[in-house]
Each structure stands twice: as C-alpha cells, then as structure tokens.
1. Could you tell me whether the stretch 75-87 includes any residue that is among the β-branched types (V, I, T), under 19 Å from L57 (Cβ atoms), in contact (Cβ under 8 Å) with a residue 12 or more places away in the chain and touching a Lys or Arg at 6+ places or on another chain (Cβ under 8 Å)?
2. Residue under question is F148, and the condition is that it be in contact with a helix residue (DSSP H, G or I) (Cβ under 9 Å, 6 or more places away or on another chain), among the aromatic types (F, W, Y) and farther than 18 Å from L14 by Cα; does it hold?
3. If I filter the stretch 140-150 for residues that are surrounded by 15 or more Cβ atoms within 10 Å (Cβ to Cβ), more than 17 Å from the chain's Cα centre (by Cα) and not aliphatic (A, V, I, L, M), do I get at least one hit?
Amino acid sequence: MIASRPLFVIHIQLHPVYELGATPHGRRRIIPVAGGEFAGDRLRGKVLPHAGSDWLLERGDGAFQQDARFALETDDGAVIAMTYRGVRHASPEVVARLARGEQVEPTEYYLRTAPFFETAAERYDWINRILAIGVGRRTPSGVTYDVFEVL
C-alpha cells in the first residue's frame, strides 16, 4: 500500500506552443511557462513566468510524454526548481477536444507526473528529499496538478 499526503495544488499558465514537428523521437512541441500559482499546507507561492517550459513529445503510440522544468517562488521568497516527467493519454476524440482548448473532464483521460524539487532554501530543505506524484487536468489556459508527497 502506498501512502501519501497533499503537498500542493499548482495551476500552471502556458504561453503559445512552439511546434518542432515530427522528429526521430516523435512529434515535439515546446510549451513555455507563463506563470501561475501553487498552494498547500506547507508552502505556497507563484510559478515564475519565463523560467521554464515543457518539452512535450507525442509518441508513436498516441501518448504524450511531458518533460517540464520551471521555477517556483514561495510567498516568503524562496526559489524552488520543479521538474517532472509524465504521461497523458486518451482516446483520439478526447485528444482532439483537448487540442481545441475545450474543457474536458479529467476522468476522460490519464494525466500523471513524477515531480522532483531542488532548492537551497534551508526552510524548505525537506522538499529536496521527497518523492511526489501529480494528478493533472488540462484547463483552457494551462494545466492544474494535485501534487502529493509519497510517504
């Protein structure tokens, strides 16, 4: 049995997509982070704009693989690097609806990530040593994740 506790909810706003097209690895897109916010019992703050992006890969099997790196700033001024790898998959119809920016119920697709954190701030040193999981949902302007610390 895996136990967890909520770490925070994060809303990530995204800039328009840069399309790289079909590469040897799949169809690649780069999606710059525009900002956002996060809040939980132990930390809260904002997602720094222009401090990261998601190098999204549409694989041959139709799944999308996230590779994101960006920076968080806590409400008390600490900077925390957040990275994650993840996967999103859905039926072709749901993928098309998401691509059009439609609101789609999260139960209609799978979006999970494995976030890691890095900071030099002593008060948040504990976050350097945790394993986390994120359960996501697309929004018209970005993505929202419920992030949990694995205990």
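1. Just the residues of the stretch 75-87 that are among the β-branched types (V, I, T), to begin with: 79-80, 83, 87.
Pick out the ones that are also under 19 Å from L57 (Cβ atoms) and you get 83, 87.
Next cut, in contact (Cβ under 8 Å) with a residue 12 or more places away in the chain only: 83, 87.
Now drop any that are not touching a Lys or Arg at 6+ places or on another chain (Cβ under 8 Å), which leaves 83, 87.
Yes, that holds for at least one residue.
2. Values: in contact with a helix residue (DSSP H, G or I) (Cβ under 9 Å, 6 or more places away or on another chain): no; among the aromatic types (F, W, Y): yes; farther than 18 Å from L14 by Cα: yes.
No: the conditions fail for F148.
3. No; the residues of the stretch 140-150 include none that is surrounded by 15 or more Cβ atoms within 10 Å (Cβ to Cβ), more than 17 Å from the chain's Cα centre (by Cα) and not aliphatic (A, V, I, L, M).
Just so you know, all these numbers are worked out from the coordinates, no wet-lab data involved. Since we're looking at a predicted model, the values are computed, not measured. Cβ sites come from the backbone with ideal geometry, for glycine too, and all protein chains shown count toward neighbours.
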